[in-house]
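Asker: Would you mind keeping the following structure in view while I ask a few things?
Readers should treat all values here as calculations from the given coordinates under stated rules, not as data from a laboratory. Worth saying up front: this structure is predicted, and the values here are computed from it rather than measured. For neighbour counting, all protein chains shown are included, and Cβ atoms are generated from backbone atoms with ideal geometry for every residue, glycine included.
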Amino acid sequence: MTQIPRASTIPDTRGYRVFRVVNVVVLLVVVAVTLYPFVNILAESFSSEEYIRTGEVNLWPRGFNLRTYQLVVSDPTFWRSYLNTVLYTATATLISMVLTTSYAYVLSKRHLKGRGLLVGIAVFTMFFNGGLIPNYVLVSGLGMTNTIWAVVLPNAISVFNLLVMKAFFESLPQELEEAAAIDGLSTYGILLRIVLPLSKAVIATMVLFYAVTNWNSWFSAFLYFDRADLFPVTVYLRNLISGATTGSTLGASDLDVVGISANIKSVTMVLTILPIVAVYPFIQRYFVSGVTLGAVKQ
């Protein structure tokens, strides 16, 4: 009976064991440094004002308090901003994925005339842009201020994401597309029925990248919107941090304002990042494969 040769493994030498130990220690330190700010903010959001002011809150809540959560979630401005963020993120991510996927698929075709020029134009924008004032003049001149298009169109394509998807499409077997073409599929049919089903990992990764970026974005809305009912939740949070929003906007009494002033920012931060934290575990398994498959050449 023929035995299948086993894949080569790294010998379990003393040096390799030391490397693994050091690697684990370094990664644990990185994880701890990364998680500490989030855990601290979470603990502050459930803590009482007097403990936060005296700096006694670290990784565990002190003086358990839910009053600030109750006041924030009862504020209609917060929920209106939250719905705005969901709308902006969903629309921007959809537009970005359609444009990035189409552009990357075109650039992956080595026989395309002018391919080098198109790649050069995309890469050029990674290092040079028109600047804040020209962008503002352009958006204003197109009449997009105080509209959703001001925040979803100007940065619709990330060149980094574009190049990752381009490399991924180039790594797919060309024979699959040739066989599909022989069977009568058009270019759009090949993309929709052959290429995209094989690209779930990189698509999920790009959706995550774009969704997180758009969810956390605040400057475009702050720059192009002058109506509070259009602000996303990140601008709402920015106003809290800068002191532009006071407890009176939450419908709270003066006593309530004093009681929540220390942890209202923490509460709003937790509520703002909660959807991303909830969605990420379902996409995480595609994350590493989606990035590395498009970056490694066979």
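Asker: Among the chymotrypsin sites (Phe, Trp or Tyr not before Pro) in the range 83-164, which ones are in a DSSP loop with at most 12 other Cβ atoms within 10 Å of the Cβ? Mind listing them? Don't jump to the answer; show the numbers that get you there.
Answerer: Numbers: sites: TYR88, TYR103, TYR105, PHE124, PHE127, PHE128, TYR136, TRP149, PHE160; in loops: PHE128.
Counting only loop positions with at most 12 other Cβ atoms within 10 Å, the chymotrypsin sites (Phe, Trp or Tyr not before Pro) in the range 83-164 are PHE128.
Asker: In whole Hz, with x marking every Gly and Pro, tabulate ³J(HN,Hα) for the range 265-273 from phi via Karplus 6.51 cos²θ - 1.76 cosθ + 1.60, θ = phi - 60°.
Answerer: Along the range 265-273, the couplings run 5, 5, 4, 5, 4, 4, 5, 6, 8 Hz.
Asker: Only counting other Cβ atoms within 10 Å, I'd like VAL29, VAL212 sorted with the fewest neighbours first.
Answerer: Working: VAL29 10, VAL212 16.
By the 10 Å Cβ count, ascending: VAL29, VAL212.
Asker: Here's another thing I want to ask about it. What ranking do TYR188, TYR236 get, fewest neighbouring Cβ atoms within 10 angstrom at the top?
Answerer: Values: TYR188 9, TYR236 26.
With the sparsest Cβ surroundings first, the list reads TYR188, TYR236.
Asker: Could you give the nm distance between label points at THR147 and LEU83, where each point is 7 Å from its Cα heading toward the beta carbon?
Answerer: Going by the 7 Å Cα→Cβ label model, 2.2 nm.
Asker: Additional query: Whole-Hz Karplus ³J(HN,Hα) for the range 159-172, in order, using 6.51 cos²θ - 1.76 cosθ + 1.60 and θ = phi - 60°, x for Gly and Pro?
Answerer: Values, residue by residue: 5, 4, 4, 4, 5, 5, 5, 4, 5, 5, 4, 5, 7, 6 Hz.
Asker: Along the Cα→Cβ direction, 7 angstrom out, place labels at ASN216 and SER74. What is the inter-label distance in nm?
Answerer: Label-label distance for ASN216 and SER74, simple model: 3.3 nm.
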